[in-house]
2 protein chains.
Amino acid sequence: MPRVCVDVMLKPEILDPQGQAVLGALGRLGYDGVGSVRQGKHFEIDVEDADADEAVERVRAMAGTLLANPVIEDFSVHVAT
Amino acid sequence: MPRVCVDVMLKPEILDPQGQAVLGALGRLGYDGVGSVRQGKHFEIDVEDADADEAVERVRAMAGTLLANPVIEDFSVHVAT
């Protein structure tokens, strides 16, 4: 049963307040030298009765329909390693 | 400036109600053949003044301190491709 991962991120031109909050917290904790932080969602989906290529295609359709909002988010799909 | 990704997921033994809600919604939308869905967080962090190996080490420390709760979450770190 292939496991397929989807990463959903806000588009680069959309403000990411969660990422900025993390960036500020890292600075306060002493982690310097961080240029930017963006936060998004990560899904791990087990697809039944499919090979890896078919599973990626099916998950790509799910991502475009339900997992991401294509107006403000980009997503990428890959097989889990 | 290397970009490092962190995936933070609930440990397998921890109930994931967000993932279960997505699994239910996929079924209602007609996407059959999905065995399980787990939802987590995905961070993309730009690290300044470091090569890829050093950037991964620095981000691994950030993830263990701030990005993940090691009691209930696992994380993985990799360089963005």
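The values are calculated or read from the model by the stated rules, or taken from the named source; none is laboratory data. Please read these numbers as outputs of a predicted model, since none were measured by experiment. Please note: Cβ atoms are built from the backbone with ideal geometry, for glycine as well, and neighbour counts cover all protein chains shown. Ligands, DNA and RNA are stripped out before the accessible areas are found, and what is left, the full protein with its side chains, is counted by its heavy atoms. Shrake-Rupley method; radii C 1.70, N 1.55, O 1.52, S 1.80 Å.
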Restricting the stretch A:45-81 to residues that are open to solvent by 40 Å² or more (accessible area, probe 1.4 Å) and of a type in the set (Asp, Glu), the residue that is farthest from the other protein chains (Cβ to nearest Cβ): A:Asp53
Filtered residue count, the stretch A:8-32, keeping only those that are open to solvent by less than 50 Å² (accessible area, probe 1.4 Å) and either at the interface with another protein chain (Cβ under 9 Å from one of its Cβ atoms) or in a helix (DSSP H, G or I) (or both): 8
Long-range neighbours under 9 Å by Cβ, at least six apart or interchain, first residue closer than 17 Å to A:Asp16 by Cβ and β-branched (Val, Ile, Thr) within the stretch A:70-81, second modelled with pLDDT of 95 or more and exposed (fewer than 14 other Cβ atoms within 10 Å of the Cβ): A:Val71/A:Lys11; A:Ile72/A:Lys11; A:Ile72/A:Ile14
